[in-house]
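The structure appears right after this line, and notes come after that.
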Amino acid sequence: MIVPHNQYAISHEKISINALKVLYRLKKVGYRAYLVGGSVRDLILGKQPKDFDIATNATPEQIRKIFRNCRLVGRRFRLAHIMFRSETIEVATFRGHHQTLEIKKFKNRTDYINQNGMLLCDNIFGSIEEDAQRRDFSINSLYYDVTKFTLYDYTGGLNDLKRGIIRLIGDPETRYREDPIRMLRAIRFSARLNISISFETAEPISRLVKLLYHIPSARLLEEALKLFQTRSGEITYQLLCKYQLFKFLFPPTNSNLEKENYLVKQILIYALASSDRFFKKNMYVHPAFLFSAILWYPLLTRVKNLIQRDNISYTNAFFLAIKDILNQQCKILVIPKRWVILIRDIWQLQLQLSKRQCKIADKLIKQPKFYAAYNLFKLRAKIEKISN
């Protein structure tokens, strides 16, 4: 379906020059190529897209022959990355339906879909109409032809965008089973764009949370971090709790929240609000700081339990608790070792920051982790002062 020009506005000035180069090059050699996904959505909303994705009828191997700066990535989803000095443009071939004859190349159904319904291979190519149906949300299924200034909408995405609704294409439970990460993406888009999730799209989420156990740890960590980089951290947290996703992602913190621990809730809100302010200024917030804040009060609870159970000193209990809490958290989100070291340093510095000796203060300030630890200390002071 071609959308009339008077129903949308897209500024070419906001489109990356590198994305335009890729689009024009693919068109020049005879392929169909469109700007697609989040970039089109953001352009229609008047926002500046973070990245630009392209969909084409050229296969990954054909794309590699056209672009010398191309690298093919992915096994489940075969994609082409066109590498430029300042950015990478992702190019995907139109996906087809799994019911097509191409599926015969697999010996068994379990070769491309597991027992939970999750897709193990998606390198089945098709038409632009099929590709639109294969995308996750209708608002991410808009195609823009930069040479003809034409918008294509096959799933009602533009109407959903105007209504402020996130809607999965197809049967929601089936689509979540194909790729459980879509549950986290629904939360992220809802918080970032300040729009609601349709009832049909939201209803299965709480029932299907356990499907996330089957997602590779690296991908799950990447998507979890994106949740807190929306510049709407507090709304994200509330949505995660509403749909039972927070307790899956952060089991140590959730056990404290279930006891209605005021301090746990407040440090989450304050830490996310603080991070949002940095993100809005295009400043970097290290994930280790967020983890150290989210897990701080579960750490203290574990310290208290160890002292009562084993009758050991606070310092010994503190270091044992650090190991226990991080091990428990890493069963779900496998935090990189370099981040674990930084989290440990931030926590250990909390023991020193309350001391007022000048010599200790001078040493602490010179430590590379001091400012991250000091920011956590300030959050704690603000929260604990309010609660007293």
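The values are calculated or read from the model by the stated rules, or taken from the named source; none is laboratory data. Here the structure is a predicted model, which is why all the values come from computation and not from measurement. In this analysis, Cβ positions are derived from the backbone assuming ideal geometry, glycine residues included, and neighbour counts consider all displayed protein chains.
Among the residues of segment 38-52, what is the count of those that are touching a residue at least 60 places away in the same chain (Cβ under 8 Å) and closer than 16 Å to Phe149 by Cα?
The qualifying residues number 4.
Please find, within segment 361-376, the residue that is modelled with the highest pLDDT out of those that are part of a helix (DSSP H, G or I) and more than 28 Å from Leu263 (Cα to Cα).
It comes out as Lys363.
Listed residues Lys162, Lys148; which is in a loop (DSSP other than H, G, I, E, B), among the basic types (Lys, Arg) and farther than 14 Å from Glu200 by Cα?
Lys148
Considering each of Ala9, Ala80 in turn, give the residue that is in contact with a Lys or Arg (Cβ under 7 Å, 6 or more places away or on another chain), without any contact (Cβ under 8 Å) to a residue 60 or more places away in the chain, assigned by TED's automatic domain parsing to the domain that holds Leu142 and more than 22 Å from Thr230 (Cβ to Cβ).
After ruling out the rest, the residue left standing is Ala80.
Which residue pairs have Cβ atoms closer than 6 Å, lie 6 or more positions apart in sequence or on different chains, and pair a first residue in segment 205-234 that is assigned by TED's automatic domain parsing to the domain that holds Glu178 with a second residue that is among the basic types (Lys, Arg) and modelled with pLDDT under 90?
Arg231/Lys280
Exactly one of these conditions fails for Lys265: (1) modelled with pLDDT of 90 or more; (2) assigned to a helix (DSSP H, G or I). Give me its number.
(1)
Residue by residue, here is whether (1) part of a helix (DSSP H, G or I); (2) touching a His at 6+ places or on another chain (Cβ under 9 Å) holds:
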site: Asn305; (1), (2): yes, no
site: Ile312; (1), (2): no, no
site: Ala317; (1), (2): yes, no
site: Leu320; (1), (2): yes, no
site: Val334; (1), (2): no, no
site: Trp339; (1), (2): yes, yes
site: Ile343; (1), (2): yes, no
site: Leu351; (1), (2): yes, no
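Consider segment 282-336. How many of its residues are within 26 Å of the chain's Cα centre (by Cα) and small (Gly, Ala, Ser)?
Looking only at that region, the number is 3.
Which members of segment 165-186 meet the condition of being within 20 Å of Leu142 (Cα to Cα) and touching a Leu at 6+ places or on another chain (Cβ under 6 Å)?
Passing the criteria: only Arg175.
Quick test of your reading of the structure: Ser255 fulfils all but one of (1) closer than 17 Å to Cys330 by Cβ; (2) in the same structural domain as Lys382 (by TED's automatic domain parsing); (3) modelled with pLDDT of 90 or more. Name the failing condition by number.
Unmet for Ser255, out of (1) closer than 17 Å to Cys330 by Cβ; (2) in the same structural domain as Lys382 (by TED's automatic domain parsing); (3) modelled with pLDDT of 90 or more: (3).
I need the full set of residues from segment 213-246 which are hydroxyl-bearing (Ser, Thr, Tyr), farther than 19 Å from Ala271 by Cα, outside any loop (DSSP other than H, G, I, E, B) and modelled with pLDDT of 90 or more, in order please.
Tyr213
Which ones in segment 25-38 are within 20 Å of the chain's Cα centre (by Cα) and modelled with pLDDT of 95 or more?
Selection gives Val36 alone.
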